[in-house]
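Report on one structure; see the data block that follows.
Derivation of every value follows stated rules applied to the coordinates shown; laboratory data play no part. From a predicted model like this one, the values you see are computed outputs, not experimental measurements. Glycine also receives a Cβ, built like all others from the backbone with ideal geometry; neighbour counts cover every protein chain displayed.
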Amino acid sequence: MTHEADPLNSPVEPVESGGREDGLILVGWREWITLPDTSSPPIKAKVDTGARSSALHATRIRTGGEGWIRFLLHPHQRRNDDPVEIRAPLVDHRKVRSSSGVSEPRPTVQLTLGLGPYRWPVEVTLTRRDRMGFRMLLGRTALRGRCLVDPGASFLLGQPPGHSTRSDVPPTETPS
């Protein structure tokens, strides 16, 4: 019996050296991610081990040909004036239960995820996340076997060039 390679279970491919000795990437509860196969700028993502699947804020979702889907991504929180059109392989339509307990069918696409210097393929459901704090939710399926989450830390893999998280991170108190 032959087994085809499953790209979603492929090893993490570092673009440069780094990471832990056990091969796991240490991430915080929120990290900057990139979608290297698209023209999207970096996106602030919430790392959520309580969510099975990853989700991405998308609008104007439509089929773009056999096996493909097109959608608009709005990568910045609280902004809709910066759409990026993305074309990605359609994997499936899956029923996903939101954090409010409501199930909805969502298109699922395969994208390359960039997390710091690392890249690997992930399956991402497309949905409206206008009212959510993050335009991307990185679920445990994308993290499994690759990442270790420190829930008390943020942006352990740094911030993208030209971006500042100062307005997103509360100032730390200095002792008097």
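Between His93 and Leu72, what's the calculated FRET efficiency when r is the beta-carbon distance and R0 is 22 Å? Round to 0.05. Display every interim value, and only then the final one.
Values: r = 19 Å, r/R0 = 0.85.
That gives a FRET efficiency of 0.75.
Check Arg94: other-chain or 5+ apart residues with amide H under 5 Å from its amide H, H built from backbone geometry?
Sorted by chain and number, the residues that satisfy this are Arg106, Thr108.
Most exposed first by the Cβ proxy, i.e. fewest other Cβ within 10 Å, how do His76, His57, His93 rank?
The order, fewest Cβ neighbours first, is His93, His76, His57.
Give the average over all directions of the projected area of the C-alpha convex hull of the range 20-143, one decimal, in nm².
Mean projected area for the range 20-143: 7.6 nm², to one decimal.
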